[in-house]
Amino acid sequence: MTSNQTLETVPDSGRPDRGQLLAVEDVRTTIHTARGDLKAVDGVSFTLDRGETIGIVGESGSGKSVLGRTIMGLHTTGPTTTISGRVMFDGRDVQSLGVKELRSLWGARIGMVFQDPMTALNPVKKIGTHLTETLRKHQGLGRQPARERAAELLDLVGIPDPRRRLDQYPHEMSGGMRQRVVIAMALANEPALLIADEPTTALDVTVQRQILDLLGTLQDELGMAIILISHNLGVVAGRADRVAVMYAGRIVETTDARSLFAGAHHPYSEALLRAIPRLQEPPHVRLAAIDGAPPNMITPPIGCRFAPRCAYAQDDCRQVLPELRPSSESGPRHLFACHHPVNRGDA
Amino acid sequence: MIRVLKRVAELLAVLFIVSLGTFWLVSKMDSDPAVTMLGEGRTEAEYAAVREDLGLNDPLLTRYWDWLSNALTGDLGKSVVPPYNGISDRIAAALPVSLELAVLGMGMALLFCIPLAMWSAYRPGGRVDRAVGAGALGVLSIPSFLAGLLIIMVLANGLGWFPRAQWTRLSDGVWDNLYHAFLPALTIALAETAMFTRILRNDLVTTLQDDFILAAKAKGMGPKHIMFSDALRPSSFSLMTLMGIGLGRLIGSTVIVEYLFALPGMGTLVIGAANAGDFVTVQGAVLVIAVMYVLTNALIDASYGYLDPRIRRAHV
Amino acid sequence: MSDLVQAPADPGAAAVPTVAEPAAPPTGTPSLLRGLLPLVAGVVALVVTLVPLRGQGWTTAAVFLLSVVLLHLGGSALGRRRWGKDFDLTTWLCAVWLAVIVLAAILAPLLPLGEEQDLSQTLDEPVMARPDPLTNHPLGTNNFGLDLLARVIYGARASLVVSIGAVLIALVVGGAIGIAAGYFRKLTDATVSILTNSLLAIPPLILLIALATVLDPTLPNIAFALSLMALPSMVRMARASTLTFVQREFVLAGKAMGATHLRLMVRELLPNVLLPLLSYGMIIVSVLIVAESSLSFLGLGIQAPEPSWGNMIAEGEGNTFEEHPHIVLVPGAAVFLTVFAFNMLGEKARKRFDPRQAKI
């Protein structure tokens, strides 16, 4: 079950090497529930350079949110969770850090943007306080300078009339504005890595695009790396340098977005692509949904986990778990885990 | 608007029934008020004269009406036992004592319950939480008079730190007053603390599941900061409501404690009057207590929906 | 589809600890040593209380408490070993205590107890004797030589009879009123509501005191007074339960078959309302026990020399308490244990049988 990926073979995105920021090495997160041990993340490895964006796509239950939190260190080995593997952030294993060290990372070097802006802000706390408290904690600013900086941050994320907003409460703002505040909170101390867990799922479509544009702009300005987690391939498509498709706790395909759209090798990725509704199609065409449901991660099936739902599954699929291997079509930077890939990735 | 009027009408109906009921009940008391007033051994004619004077021969409703109309102007009549004091004056003297006791007890309970609840909520199901929970249940199982006796035994008689059965009026000296009020307030605070701790702890645990707590943690804020700055305020709304109701409830329940510590409050007033057969005082005192109780509860009821911004938020 | 494990879409989301770290589940099966060691130590301590430290007042009491704690720790560990980690010794002990006290109360006249209220019988008995399990008076005697163990048991009899009787009265009367209010609505409901609120408007203890000054302190009267305390809650409970059922179809069906109001209320609604009422009743019993003992403490309830836990505690007023603490502590412990047991069991019952109640 061990991945035979090592740091040398995990591909980078091809950008000029600004230095590797994050290396996730065979991370497995097991959550102990009353019904058994849930293998939420079951062997994930990838790297991320400074300033790079990786999109992690998967349906509910694929383990992508758990992965995000494991990378952050919000999940660590404890009474309810067991984690193996390493998360090397800036040369140090996040999973081996103590609580105090983690707290000095969170909000300062790693920031997290949450899904639901309605609930990510404290309803009885002013917007300004949300920002100033993290500024004061990590940068040691005084009250006035922190307020100034908070106003600058609101301006940075595109909120008009920032000074007035500082004294408002979350319920006085719209959903899109609240999410901008959440982003401002995550960026306040200019982290090197931003983990965005479904940042646009709870928003209107028009607002979604604005938020994603905002993230892109901020990334250019601040030079931070982004892990963009979503169930929506469309959201990730134009924004990420690389995409990793996750299913049942494992990465089943990873490459740059263009290669993925040009020719995905894993049947699941192909199904995801097909499921995106296109404007060119005639109306009243059935949406190409994927039949079936994700497997039970307490007792995952032997062999390929997508096999029960796969149109191309054969006997060996059900017996041997496929490992990631490079594509012969689009080059060594395109990896996929399938015995019988589509679009002819390999013999 | 109509709802408000309906509530007010209901309130008045309740007060009417309570006062009538008390009046009727008290009129059923065994002792003959004339005998109580004049003492034994007088002639029947004298008693008859007193009864006539007190209007005891009139029908019930007439007497009730007379009494009520006087009461509404603040005159609750005169006691029938020596010294024949004005009841309103006695109540006016006794009420502040009971109120002070209730407020102090509530304040102490608040002081104790917040740290206990926070400590318990920090690790739900952990040792502290279970110990505090069991302790709270235990304390709630001790009747207040027993608790009072134990406190007296340990703190007053045993260690001699506090006095018992003495009282200084607030107007005569704040420190002395507080010194004497400490033990009775502590007795009251015990049961209230147990109740409030459980409620606050449950609220905190629920609030701590909210997303903004996780977001705060992801900003690197420490647990103490999160507990005080983020968790406490949203959890305190139901506590505040309960405190309001508790305050109303305490107005009647300080009876036992006042009796134990021999404090000149409303409870002692009622018990003493009841034992002496002074029905007029009992009427007046019970009316005042009931009115305060009803009004406080009604006020809390009305303001609840307004105070909690989360409920307000639903309308935004 | 039935393989899907979690209801929340992202199973990990539900498992993220926030600030509050969930405590580690209690360690698996306790070792035999963890069970036996405290148990043996507890037994030793108990023997020490009984023999070398007889009658030494506070030291004996302290060692006795220590032995109780040790026995509890040991018993708990052994119990978890034998019956799994959900075994809760405290709950079982509460159930045992209640069973013992109820049985003792019922069988009181048949038990070989000392004299509990007839002063003429106790002229020869020691006065104010301290509790000593190995003598004729295991819990000591009071100022008149009356045996405290007997008084505690007869006191239990009185308290339980009165409280349970009051609850039953409140159940029957309040239940009927509540069901009627929920069934007929409109005017009946409004009237009942105002009357209930009026009753609730008087602080409970004041109500009891007021009633006590008017009525003679006989057992039935006390039960009546206590039932008035419990009545409003029963009415509300019955009404609320009725309201949830009265919309349902079986009531409508009954109506369509021409059933009279009475028949509907008794045959259809009552059986459904009964269970929540009964479980609520159990919780109320402990409140009434406290109320009754408060009343007798003030001298307004059960009159001395007939024993009630309240008036037994009252004997310790003044300086008696300092010199002879057992006068207060023995009945005090009895009240505490009984109320605690009712509360504990009532809580567990409510958690299990009435999930819609908020956890308080």
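The values are calculated or read from the model by the stated rules, or taken from the named source; none is laboratory data. All of these numbers come straight from a predicted model, not from anything done at the bench. Cβ: placed from backbone, ideal geometry, glycine included. Neighbour counts: every protein chain shown.
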Matching entry among B:L116, B:L149 (being buried (at least 17 other Cβ atoms within 10 Å of the Cβ), within 8 Å of chain C (Cβ to nearest Cβ) and part of a helix (DSSP H, G or I)): B:L149
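The rows are residues; the columns are (1) within 14 Å of chain B (Cβ to nearest Cβ); (2) of a type in the set (A, V, I, L, M, F, W, C).
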site	(1), (2)
A:T129	yes, no
A:G142	no, no
A:A146	yes, yes
A:I159	no, yes
A:R165	no, no
A:G176	no, no
A:P191	yes, no
Those residues of the stretch A:152-179 which are surrounded by fewer than 19 Cβ atoms within 10 Å (Cβ to Cβ) and in a helix (DSSP H, G or I), in sequence order: A:E152, A:D155, A:R163, A:R164, A:H171, A:E172, A:G175
Regarding C:L269, is this residue touching a residue at least 40 places away in the same chain (Cβ under 8 Å) and surrounded by 17 or more Cβ atoms within 10 Å (Cβ to Cβ)? yes
Do we have A:A257 as closer than 26 Å to A:P322 by Cα, out of contact with any strand residue (DSSP E or B) (no Cβ under 7 Å at 6 or more places or on another chain) and modelled with pLDDT under 90 here? no
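How about the stretch C:311-348: which of its residues are assigned to a helix (DSSP H, G or I) and more than 10 Å from chain B (Cβ to nearest Cβ)? Full working, then the answer.
Step one: list which residues in the stretch C:311-348 are assigned to a helix (DSSP H, G or I), which gives C:311-314, C:320-323, C:326-348.
Those that are assigned to a helix (DSSP H, G or I) and more than 10 Å from chain B (Cβ to nearest Cβ): C:N311, C:M312, C:T320, C:E323, C:H326, C:I327, C:V330, C:A334, C:L345, C:G346, C:K348.
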Do you know which residues across the stretch C:263-303 are part of a loop (DSSP other than H, G, I, E, B), farther than 19 Å from C:L160 by Cβ and either away from chain B (no Cβ under 12 Å) or touching a His at 6+ places or on another chain (Cβ under 7 Å) (or both)? none
Of residues in the stretch A:296-347 being among the aliphatic types (A, V, I, L, M) and out of contact with any strand residue (DSSP E or B) (no Cβ under 7 Å at 6 or more places or on another chain), the one surrounded by the most Cβ atoms within 10 Å (Cβ to Cβ): A:A307
Could you tell me whether the stretch A:200-214 includes any residue that is surrounded by 23 or more Cβ atoms within 10 Å (Cβ to Cβ), in contact with a Leu (Cβ under 7 Å, 6 or more places away or on another chain) and either under 23 Å from A:Q20 (Cα atoms) or not β-branched (V, I, T) (or both)? no
When the residues of the stretch B:263-283 are narrowed to those that are in a loop (DSSP other than H, G, I, E, B) and at pLDDT below 80, which ends up farthest from the other protein chains (Cβ to nearest Cβ)? B:D278
Only one of these conditions is not met by A:T47: (1) within 10 Å of chain C (Cβ to nearest Cβ); (2) crowded, with 19+ Cβ neighbours inside 10 Å; (3) outside any loop (DSSP other than H, G, I, E, B). Which number is it? (1)
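Being more than 30 Å from A:T47 (Cα to Cα), modelled with pLDDT of 90 or more and in contact with a helix residue (DSSP H, G or I) (Cβ under 6 Å, 6 or more places away or on another chain), is that true of even one residue in the stretch A:109-128? First the steps, then the outcome.
In the first step, residues of the stretch A:109-128 are kept if they are more than 30 Å from A:T47 (Cα to Cα); the result is A:118-119, A:121-128.
Imposing the further condition that a residue be modelled with pLDDT of 90 or more reduces the set to A:127-128.
Remaining after also requiring in contact with a helix residue (DSSP H, G or I) (Cβ under 6 Å, 6 or more places away or on another chain): A:127-128.
Yes, there is a match, as at least one residue in the stretch A:109-128 is more than 30 Å from A:T47 (Cα to Cα), modelled with pLDDT of 90 or more and in contact with a helix residue (DSSP H, G or I) (Cβ under 6 Å, 6 or more places away or on another chain).
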Those helices (runs of 4 or more DSSP H) completely within the stretch C:203-257 that have 2 or more residues that are within 14 Å of another protein chain (Cβ to nearest Cβ) and surrounded by 19 or more Cβ atoms within 10 Å (Cβ to Cβ) are C:204-214, C:219-246
